[in-house]
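A quick write-up on the structure given underneath.
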């Protein structure tokens, strides 16, 4: 039995709040149950040095957790003077996923940086971050279009991400913290609107997993992501 | 004329939202107009090395700004690998102010760390942080008392902080960002409930200021802080 | 056509040279074609702080590239003062994979650190590193057994890793550098001797990939890993 | 009773030794009793990036303590790899204070950096540093004028700084170390020659302080600063 | 008696393997007995900032030890976030020595960086590194000449280095690790082909050393270096 | 001709001022002409971790230059966040030299740290530092004896250091900055009172140097060091 009697394939309640803060070109608070991540997309009229003169744009992401977003307080990365390997791994994943959703040539010489800061953590922060970041990215792109800096929308399709895993021998979708800690296998899937995959990261925490388990997890992920993309679209359909 | 025709001595709208996040022993979102700071107080059953065996507790604070809490995006301190001088100055001020409000002997061998993270900035983030941190601190202390770890409340009295300044030749209270950028003199005052001062920091940004101006600013600060402390107490009077 | 007319499912020439250096308890030079990684396993009679008193051992890994292991010289990480996100991601992956191969309770209170240093790079350094590290780990464990510090072999089964990908619309196994740079999809698979998976990391570099492509890549990976494990076992069958 | 029977309003012996070292454009050893700070002003014919093309100059300061300037040895900041929060706070204060004394437009595109290094500490190092730095700054400006790089003196007026505080219930001026450690309230005041204030920083170390105490401390500070400015002027009146 | 009954003036077996790795313009594995150092010379068509426009080239070196090149594992410098004082001292020595062998004006605006990475350590790693680096440097220079980027060979003469020392009261040449640990005096000598010296660094580890001992050590060094230079030349005489 | 018509073998004026600052157990300002280094010896009643329980003491040193001790301002190492390779090399040399002068067993479990801070630089700062540090060390040892913490003087004999070099084809003693910049060969010699050597570091800055030149430089160094040791003894003979 899952917490709150959730069904194996059920998502936690999903919420995307746009315009959550005032300054960012795109600002979204994404909630997957008790996991809350603030995704702020910032537009800059320049590109990193390695892209100068290549006539294309860039999308990048940074990730952080507020020190007390977690059950017990974690040290502040700014105070310790470096980002952990986990943080760097996650922000590289978010950036890579968002870039797969965008035609960088069509974006032109702009950089969009999406800051994903975890306000409250209850499992699945990286997948919530990717899902929220895509909405913030769309708002930032619309800001560019409204301000006549861009004519065509370079976002090819929405993307979203979900965590799935094997907990107590059962495949489940959208793990919360207590499930995540107990999972034998943990898989994060980033998928596009058309059902194709952008990233699959499956890890055996305890026992290795079989080909059949992998297929079952991918099936659950597909179902979850369809729900997330539907929620993203509903949020984006509201007037800003 | 001030923005929104605010009177010289008027505060922006004040809000203290307790229990803003789920895990911290005290969690308060403080809003001074469009300035929003999340203050999370974390309790730890130990003291720093320099206080071991001295039979007293410790209060400390950390401060950070989300990269896009500001008008244009600031570099993330965790990514740059160090906290700026400004950040360190502010978190030292917050910690020092909170310690002045607490009887550290009566606190016993606990450390309370208050993380003040700016979600949205519009001037006065450090004074909002101090004012919100004091409410979060009270909640964390009550948590200790409810959990029978502490018998007597070691908080001696509430403290709060306000920024005042001389803008266009006029002394004003609770500066927002556009006023702060234009101020000739900028002063932050931390005051206790009994009207006595804990910290006064006045800086001439342009011309030096006179004794008379100093007195006028102190008067404005006193009025503002009385309103803040009233709002703190109202918030704390609600059942948790 | 692949370089050297290699077949889609063919591996490059594989070599595991044991006892490559003199001091490490396990020392293996692994070669996947022109990719050469030195894997040194070091035994320490203690465990990290977070495992103290838990009656189990620990396996960890570090990864590095010699500055001129690559086509053009890369900055030395020690001189720049930090490990890149890529380096940290890879060494976390190696450590996690090796831990999945070992019964940490049966290992007892020893830490084995496997240093994987790339001497020459031509694609697939992380998968070569995992495959070589497992052989070095076995040698280090045998050293513990020969020295009567361990009675039972805690290695549950061999593990190995391979990179597969879609290059020019074709799924191929064991990518070398020129293929890797041109791949649309890139997947690293870590698998155990019994055919079950320990880690699957698939990334769309250009277009997203379909479920069918994923299955095809997994099939290629399985074939490649069987060959690697056979080569590992042959190498380990020789007297030291 | 104060050490050496000093009167409440009395300064320690003051000394400004110009041309203390050979290379700096302005070099002053300032002594407030046993507190000795070497202030070296260096002229550079350029401005920081953020001022490029703005047709003005810049004044900045750095502060450090020799490891054994203090009663017990402090760790060397260069060896620890970072400047403490206290150091950064002090050097920001010195720079800000000096800039308030200078017409940066009239300075032209020069940067003057004043290094304040504490040779021996006995309380009040930051206020001694500001007072000495202003003399070194004047010498550096005269050097620019003698070398025909500047026609008009951009120094608007002298500035100086003093620490005052409440020790054993008594307000006193120019605290030495034993008094500083025992102070209930500690205040640093930076004032210009015309009696107006540039910076006021008052901190309650123990009990909060009242409005009356604040006024009394400001009065003591004014008296002390007048003496310092007189001593600065006497020193500057000597031929170089 | 020395290990393996080596005579006082005898070198360990010497080997220089050119083209050890594939990408570097010069790549040499140097072996002094069980000490093995990989020296990779990389050519870059630019010079450091401080040489821009001065019409000359630059030679520099970096040094590192693989964590388990030594008897017990050393922490990885990249992970600790800084190079030790010893590492920096050695790489400065290697760079300085190589620059003394080259006419930098004749080199033109190229930078050659020689990375010296210790694969296995058994005493004398810095002197082996210098001796191997000079061979790698020659290969890199020949690469420049073959590629018509340079007409004249700027290498003035070969250089080599040896460690000598006083062990158990006896002067010996080319110390291995067990001797090095027991030495009273330790001296590293860098010498050119013409018998003149580039660097002499003698250190009393225990008792000071006399003028006579110094002379005796210099004599041993001269003999050893002649053998090394002969071995370098033999290696360079082979077709690449 | 040397500056000021100094003879080849002549030292600049030498001065050792004891008790230069108030807090250190030994405090010496050493002057070699215009080179001025403050050497403060600090006693601590403990030893570094690697010596715990070994029943011996430790001597160590740190070195720094005030930013404007030099002709043009150098960046502050504390601000840049690390000590340069040159700084580390020098402080390792100073520490090693002082340890050679002391019977560490006889010192007992004390650590003496000598901070050498360059107030004004005109060539030879490291050799002045060693020479001054030895006097400060003696004063710190006497402090230990006066305070009954030590019965026997563990200083075996005085040590001193000098720079010698070949300038314009001529061997000279005690180089000042203009000579140092022009030297072909630069040698630092650390010698004990009995004429034996502790450290010899000779470097060819331009052309390699011959055996004869080396001998000539050693002769000059010996003469210079005898004068320095005489001056040290005179200074130490004065009552404190």
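Each reported figure results from applying straightforward, stated rules to the coordinates on display, with no laboratory input. Everything numeric here is computed off the predicted structure, so don't read it as measured data. Cβ sites come from the backbone with ideal geometry, for glycine too, and all protein chains shown count toward neighbours.
Label-to-label distances across copies for residue B:74, with labels 7 Å out along Cα→Cβ, in nm, shortest first?
Once sorted, the set of distances for residue B:74 reads 2.2, 2.5, 3.3, 3.3, 4.1 nm.
I need the inter-copy label distances for residue D:109: point set 7 Å along Cα to C-beta, values in nm with one decimal, smallest first.
Here the equivalent label points are 2.4, 2.5, 6.3, 6.3, 6.8 nm apart from this one.
Is the C-alpha gyration tensor of the protein assembly as shown telling us rounded, prolate or oblate? Criteria: a/c under 1.5 is rounded; beyond that, a/b larger than b/c is prolate, otherwise oblate.
Oblate, because a/c is 1.5 or more while a/b does not exceed b/c.
When only C-alpha pairs under 8 Å and at least 6 residues apart count, what is the relative contact order of chain B, in percent?
22
State whether the stretch A:13-238 is rounded, prolate or oblate according to the following rule on the C-alpha gyration tensor (a ≥ b ≥ c being the square roots of its eigenvalues): a/c under 1.5 gives rounded; otherwise a/b larger than b/c gives prolate, and the remaining case gives oblate. Intermediate values should be presented prior to the final figure.
Values: a/c = 1.74, a/b = 1.46, b/c = 1.19.
The shape class here is prolate.
Tell me the label-point distance for the pair residue F:79, residue E:170, using the 7 Å Cα-to-Cβ offset, in nm and rounded to one decimal.
Label-label distance for residue F:79 and residue E:170, simple model: 5.7 nm.
Provide E:63, D:177 in ascending order of the number of other Cβ atoms located within 10 Å of each residue's Cβ, fewest first.
D:177, E:63
How far, in degrees from 0 to 90, does helix B:211-237 lean away from the longest principal axis of the Cα atoms of chain B, to the nearest 10?
Value to nearest ten degrees: 40.
Which chain F residue comes nearest the axis with its C-beta when you rotate F onto A, and by how many angstrom?
Nearest Cβ to the rotation axis, residue and whole-Å distance: F:81, 5.
Could you please state, rounded to a whole Å, how far the C-alpha centre of the stretch C:103-177 is from the C-alpha centre of the stretch D:146-219?
So the two Cα centres are separated by 65 Å.
If we count other beta carbons within 10 Å of each Cβ, what is the order of E:43, E:166, fewest first?
Least crowded to most crowded, the residues run E:43, E:166.
Tell me, what is the FRET efficiency for residue C:9 and residue C:86 to the nearest 0.05, using R0 = 25 angstrom and their Cβ-Cβ distance as r?
After rounding to 0.05, the efficiency reads 0.35.
Which ordering of B:211, C:23 is given by a fewest-first count of other beta-carbon atoms within 10 Å?
So the residues, fewest neighbours to most, are B:211, C:23.
For the stretch A:5-27, list residues with backbone N below 12 Å from a point placed 7 Å from the Cα of residue B:17 toward its Cβ?
The answer is A:20-21, whose backbone nitrogens lie closer than 12 Å to the label point.
Just the number, please: percent antiparallel of the DSSP beta bridges in the stretch B:13-238, rounded to the nearest 5.
Counting DSSP beta bridges with both partners in the stretch B:13-238, the antiparallel share is about 85 percent.
Under the classification rounded if a/c is under 1.5, otherwise prolate if a/b is larger than b/c and oblate if not, where does the stretch F:102-216 fall, given a ≥ b ≥ c as square roots of the Cα gyration tensor eigenvalues?
prolate
Once both axes come from the Cα atoms, what is the angle between helix D:85-101 and the longest principal axis of chain D, in degrees from 0 to 90, rounded to 10?
Approximately 60 degrees, to the nearest ten.
With everything on Cα atoms, drop me the angle between helix D:125-146 and the longest principal axis of chain D, reported from 0 to 90° to the nearest 10.
Long axis of D:125-146 versus the principal axis of chain D: about 20 degrees.
Identify the residues of the stretch E:17-45 with backbone N under 15 Å of a label point that sits 7 angstrom from the Cα of residue C:180 along the Cα-to-Cβ direction, or state none.
Zone members listed by number: E:22-23.
For chain A, what does the helix formula give at 222 nm: sum of -39500 (n - 2.57) over DSSP H segments with n ≥ 4, over the residue count, nearest 500 deg cm²/dmol?
For chain A, the value works out to -10500 deg cm²/dmol.
Taking the label point as lying 7 angstrom from Cα along the Cα-to-Cβ axis, what are the distances from residue D:233 to the corresponding position in the remaining copies, in ascending order and in nanometres?
Between copies, matching label points for residue D:233 lie 5.1, 5.6, 8.0, 8.0, 9.6 nm apart.
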